[in-house]
Amino acid sequence: SIAACIFDLDGVIVDTAVYHYQAWKRLANELGFDFTETQNERLKGISRVRSLQLMLEWGGIQKTPEEQQVLATRKNDWYVNMINRMTPQEILPGVLPFLQQCRAAGIKTALGSASKNAHTILERTGLLPLFDVVVDGNAVTASKPDPEVFLRCAALLGITPDRCVVFEDAVAGIEAAKAAGMKAIGIGESTVLTGADEVVAGLYEMNLEQLS
Ligand code: BG6
Ligand code: MG
């Protein structure tokens, strides 16, 4: 039976995907090209530097690693400005009740995120105490679709992957969950998250009975 629920952060727990999109779009526009929502979809779950590299490819622009660092930092400064103003009201619908249900039922909760800003967001929204384990972009070396982040959550919880369920809004994240040998529930559209075991629109559609 299921012993742990592992949650992606951006787009699952909070709607920061919108802030990431705004910041990347601003950077793209400054560099002289546009950035579409379809392209943004492909950056979900992908690390900051890798996201920048993909964007530069799409824009047909070459930058040295040093220049890339500067651009990634610029994007992150805008992004951090936005998340520093976040409130608990930005927690997505259904998240709080579902986390509370898990804990009441003795199911462990973990955050498995590519973001290096995860702690800021969890603190701003007051969610930090609801997670037994937090593994973020500062703790992993390989980013999604590599399963490292989710395997590390399972290891820290002392639970085998086959007893873990991952909640993910990113194609790369669903791939990572499956590669980890876990169940994957997509948050979003089934036409996009084709690799998921099941897709729901949001955690408000989930309850523990459905999991078992
Ligand atoms: C993921 C987001 O959660 O974190 C990506 O889906 C983002 O869009 C990645 O690039 C890294 O985030 P950060 O906060 O470290 O730039
Ligand atoms: Mg996400």
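Each reported figure results from applying straightforward, stated rules to the coordinates on display, with no laboratory input. All values derive from a computational prediction rather than experimental measurement. Neighbour counts run over all protein chains shown; Cβ positions are idealised from the backbone, glycine included.
Each Cα pair under 8 Å and six or more residues apart adds its separation to the average, and for the range 105-212 the resulting relative contact order is 18 percent.
Amide H contacts of Val134: Leu111, each under 5 Å away and 5 or more positions distant or on a separate chain (H built 1.01 Å from N in the peptide plane; Pro and chain starts excluded).
Computed from phi, the 3J(HN,Hα) profile of the range 96-105 under the Karplus parametrisation 6.51, -1.76, 1.60 (θ = phi - 60°) reads 4, x, 5, 4, 5, 4, 4, 5, 5, 8 Hz, with x in place of Gly and Pro. With the convex hull drawn over the C-alpha atoms of the chain, the volume per residue is 108 Å³. For the range 15-87, trypsin sites (Lys or Arg not before Pro) are listed when DSSP marks them as loop and at most 11 other Cβ atoms sit within 10 Å of their Cβ; the list is Arg85. I'd like the distance separating the alpha-carbon centroids of the range 95-125 and the range 151-202, in whole Å. Their Cα centres are 15 Å away from one another.
Modelled spin labels at Thr64 and Glu189, positioned 7 Å past Cα toward Cβ, are 4.2 nm from each other. Histogrammed with a bin width of 10 Å, the alpha carbon distances of the range 88-196 distribute as 15, 46, 37, 2 percent, first bin at zero. Charges were assigned to the Cβ only: +1 to each Lys and Arg, -1 to each Asp and Glu. The resulting dipole of the range 1-43 about its Cα centre is roughly 60 debye. Phi angles across the range 68-76 convert, under the Karplus curve 6.51 cos²θ - 1.76 cosθ + 1.60 with θ = phi - 60°, into 3J(HN,Hα) values of 4, 4, 4, 5, 5, 5, 4, 4, 5 Hz, Gly and Pro given as x. Of the residues Ser47, Ser113, Ser212, the one with the fewest other Cβ atoms within 10 Å heads the list, and the complete ranking is Ser212, Ser47, Ser113. Here the Karplus relation 6.51 cos²θ - 1.76 cosθ + 1.60, evaluated at θ = phi - 60°, turns the backbone of the range 3-8 into coupling constants of 10, 8, 10, 10, 10, 5 Hz, with x for every Gly and Pro. Remark: Cys102, Cys153 ranked as Cys102, Cys153, counting other beta-carbon atoms within 10 Å and listing the fewest first. Neighbour counts of other Cβ atoms within 10 Å put Val95, Val70, Val135 in the fewest-to-most order Val70, Val95, Val135. Take the Kirkwood radius over Cα pairs of the range 153-212, plug it into Stokes-Einstein at 20 °C and 1.002 mPa s, and you get 183 µm²/s for translational diffusion.
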